[in-house]
Each structure stands twice: as structure tokens, then as C-alpha cells.
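Take a look at the structure set out below.
The values are calculated or read from the model by the stated rules, or taken from the named source; none is laboratory data. What you see is a predicted model; the values in this text were computed from it and never measured. Positions of Cβ are generated from backbone atoms using ideal geometry, with glycine treated the same way; all protein chains shown enter the neighbour counts. Ligands, DNA and RNA are excluded from the accessible area calculation, which covers all protein heavy atoms including side chains. Shrake-Rupley method; radii C 1.70, N 1.55, O 1.52, S 1.80 Å.
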Amino acid sequence: MRLVVASGKGGTGKTLVSTHLAWLAAERGLDVTYADVDVETPNGHLFLAPVVEREHRHTVLLPSLPFGHCTGCGVCHDFCQYNAILPLPDSVLIFPELCHNCGGCVRVCPPAVLSEVPHEVGTVREGRAGNLRFLDGRVDVGEPRATPLIQEVLRRIDAGTLAVVDAPPGTSCNTTAALSGADRVLLVTEPTPFGLHDLRLALQLCRTAGLPAGVVINRADLGDDRPLRAFLEAERVPVRAAWRYDPELAVAVARGELAGRRVPWFRDAVEHLLDACLAPQEDGRS
Amino acid sequence: MNGRLAVPVRDGVGLQARLDRQLGRAAAFVVVDLDGSVEPVYLINEGVQAEQGAGIGAAALLLQHGVTAVAAEHFGPKAEQALRAGGAALYTAPGGLTVAEVLERFRAGTLVRHELKVY
Ligand code: SF4
Ligand code: SF4
């Protein structure tokens, strides 16, 4: 089963939740993989302290015009669905930030003057943290497209195991890429007006993708949580867990420790959350 | 005067159409032949709905039609890069002008050249 932990915005405690779920599932003896695909700022490793066993640079193929005579015919541009290649009289201008690496332009070019060259986008790491299998991806600074890297990390998850995925916050293409292949989604939120607004969008994204989502309310006493609760009730979105602010948690997070190791009530709360996530779903989906 | 001037427009066709705000998201373009040998051409911006790269699509369309100068209120960064690569000169024109007014200023040399930003 693949459980994706996401949030409408950053800083809501998504990594706190995902690292604890993975850690406690591994403590139960389950075969579990933690995959951090919050590739702009992968933080899970700070808390799980994995031993990295393999590291690899991920590349995508970009079209390029190394030599040969481009006729400026524009066939490549007409083919490209992403407007990523612009024909000029005797050359082409390629926009890597728009290119989806399909290779189509290279294949359709009549004089066959385009070729594909590898372009590095980021680093994928594999390792172990105790019983836990650890995966993360970090996109290179300035690299405009992170989705290929996210897909690469997800591809390395073994089928048939429990996977906990730490998704990029928000509702961007990156979040969408992280949701692909999910069986269930947990959205971590806080009871603030901004939190609610972003949660709404994230929920919409899950619904569009046909994914059942539950909510975790972090720091539930931080603001007035009534609008949030009312919204979730009206939308029939289950609250899987809710907990108060505890300075002990903040201290553990600041030190890069798993808070559940030193805050017993929090460990219990996540154990319950894990039970809820592993239980068959109300609507009959498993 | 040689070359072709393109202007992104909304409401209206010919020279009375008004300047649209941004190139990639403009409804259409009017392309004016500067030596007057060809009637102005009206091009629908079919790429306006593109999820991304609308500016590049627009630039490709204009370059295909032999445009050598473009006047707009705003240029998106990609449209700008694409048009410059295609050798077009870029000018900033205040929004709300008609194509005829833009053309008049262009001929009088009072349109401001849109300089390359160096970051
Ligand atoms: S590889 Fe595909 S997406 Fe990239 S420029 Fe070529 S056709 Fe477009
Ligand atoms: S299809 Fe090939 S020849 Fe035609 S414009 Fe593109 S790169 Fe040049």
C-alpha cells in the first residue's frame, strides 16, 4: 500500500507525520519504505538518519542540435505539445524548463539533425534506517522541472511493501506527480485561515485524481479550528488525527530528532493514526 | 521602411483593434507590412489556451509570418527570449492604444525600445 502524506502549504508538519508513520510501521516489523519526494527541500533524512548505501545522479534526455543543417521547417515545433522548441531560420531554440523529454521532436525532424543528450536533474539516494528502507530525491539548484526526479524515486519503491511518501507541499505539478500511484492520502493542516484555503485546493487535487484523503490537524489549538472542522464535516472528509501544540515536539523537531522517542503521548497518537491508515476504508476500498 | 510590425490585440480586427496586455495571452495579432506592399494580416492566437509556453507559441507564429518588430505592453520572459532569438526588435507601447496609433508612433520613432534586461 502506498500512503502519500501531503499538505496544502509548507511547514504544517508533513515531515513530522510521514517520518513517524514510517518509523512506527517499521517498529511493528512491517516491510516499509519511506520515500521523500519533497525534492526541493527533502528533510526526512534529518529525522530518520539513514545510512546511505547508494547514490545516483538522475538524468533526463533533452533534445539538442549539435551539428547538421536545420532547415527551420518547424516540424519539431508543430509536434511538441509543450511549446518547448522554437524553430529559427537555420537553428532551433530549446526551452529545457518546458521540455517533457518525450523525444518526439528528435524522431520527427525530417533531416534528422536533432539528437538527445543526457541532462542531470538531481540526486536519488537509497539506504536504510534500522528496519526501514529509505529513499529520497534532491533536485539540483536552478533545475526548473522536478517531476522526472520524483517519478524516479517513486519507481524505486518495491511493489507489495508499505510505502510512506513525503510529498512536496502545495498543488503544483510536483505534488501531482507525487500523488500518482497513491492508494491513500493524508493531508496535514493547521487551523488557520490560510491553512484552510490551501487545504481546500489540496483536497480538490486529490478528488480530481480520484484519491481518498483524510486529514491530520497539527497544532489544533493554534487558532480557531471550528471553520476547519465545519468544512471537513460538510465535505465528509475524515479527520484521522488531531493534536495540540506541545513545546516538546518543537524542541525535538529543532534538534532533528524523532519526537515520538521522547514524547510518549505523541508516539501513541501516531500509533493510532497508523492503525487508521492501515485499516480497511469505510467506503470498502482497501 | 522595410519589415513587419506585429501588435497583440483584443476586440476588433484591422487598424482600430486595441493593444492587448500580454503577448502570449493575446486574443490575436495584427501584422502590418511597413512598406505598405501587403495588407495588414490578422492572426488568431491559437496557442492562447496552452497550459504553458503560450509566449513561445506566439513568438513562433509571428516569426513564421516574417515579423521583424513587435510592440506590446508586456513581454513574458520566454516570449521575449524567443523573439530576440528570431531577430525581432521589441518595443514597449502603452496599453489601450489602437494599432493605428502604435504604427504612427513607430513611424515617428517615439516608441520606446524594450531593452534587454540583464539580471
Ligand atoms: S523532447 Fe518532446 S517535449 Fe521536449 S522539445 Fe522535443 S517534442 Fe517537445
Ligand atoms: S524539425 Fe529539424 S530541421 Fe525542422 S526546424 Fe526542427 S530541428 Fe530544424
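Miscellaneous remarks
- Filter result (near ligand 1 (Cβ under 8 Å from one of its atoms) and small (Gly, Ala, Ser)) within the range A:84-128: A:Ala84, A:Gly103, A:Gly104
- Members of the range B:32-64 that are buried (at least 22 other Cβ atoms within 10 Å of the Cβ) and over 18 Å from B:Arg84 (Cβ atoms): B:Val32, B:Asn45
- Residue ID - nearest to the other protein chains (Cβ to nearest Cβ), chosen from residues in the range A:83-97 that are open to solvent by 10 Å² or more (accessible area, probe 1.4 Å) and assigned to a loop (DSSP other than H, G, I, E, B): A:Asn83
- Those helices (runs of 4 or more DSSP H) lying entirely in the range A:160-266 with at least 2 residues without any contact (Cβ under 8 Å) to a residue 12 or more places away in the chain: A:193-208, A:226-234, A:247-255
Yes or no, residue by residue, for (1) within 14 Å of another protein chain (Cβ to nearest Cβ); (2) within 16 Å of ligand 2 (Cβ to nearest atom); (3) not in a loop (DSSP other than H, G, I, E, B); (4) not basic (Lys, Arg):
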{"site": "A:Val39", "(1), (2), (3), (4)": "no, no, no, yes"}
{"site": "A:Pro42", "(1), (2), (3), (4)": "no, no, no, yes"}
{"site": "A:His45", "(1), (2), (3), (4)": "no, no, yes, yes"}
{"site": "A:Thr59", "(1), (2), (3), (4)": "no, no, yes, yes"}
{"site": "A:Pro63", "(1), (2), (3), (4)": "no, yes, yes, yes"}
{"site": "A:Phe67", "(1), (2), (3), (4)": "no, yes, no, yes"}
{"site": "A:Cys73", "(1), (2), (3), (4)": "yes, yes, no, yes"}
{"site": "A:Cys76", "(1), (2), (3), (4)": "yes, yes, yes, yes"}
{"site": "A:Gln81", "(1), (2), (3), (4)": "yes, yes, no, yes"}
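- Of all residues making up the range B:43-60, the number that are at the interface with chain A (Cβ under 10 Å from one of its Cβ atoms) and among the hydrophobic types (A, V, I, L, M, F, W, C): 6
- Yes/no for B:Ala93 being surrounded by 18 or more Cβ atoms within 10 Å (Cβ to Cβ), within 21 Å of B:Asp11 (Cβ to Cβ) and among the hydrophobic types (A, V, I, L, M, F, W, C): yes
- Looking only at the range A:99-112, and only at residues there that are more than 11 Å from ligand 2 (Cβ to nearest atom) and surrounded by fewer than 21 Cβ atoms within 10 Å (Cβ to Cβ), the one that is nearest to the other protein chains (Cβ to nearest Cβ): A:His100
- With respect to (1) open to solvent by 20 Å² or more (accessible area, probe 1.4 Å); (2) modelled with pLDDT under 95, the lone exception for A:Gly74 is condition (1).
- Residues that are within 10 Å of ligand 1 (Cβ to nearest atom) and in contact with a Lys or Arg (Cβ under 9 Å, 6 or more places away or on another chain), drawn from the range A:46-79: A:Val60, A:Phe79
Residue-by-condition table, conditions (1) within 16 Å of B:Leu103 (Cβ to Cβ); (2) of a type in the set (Gly, Ala, Ser):
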| site | (1), (2) |
| --- | --- |
| B:Asp33 | yes, no |
| B:Gly36 | yes, yes |
| B:Tyr42 | yes, no |
| B:Val48 | no, no |
| B:Leu63 | no, no |
| B:Thr68 | yes, no |
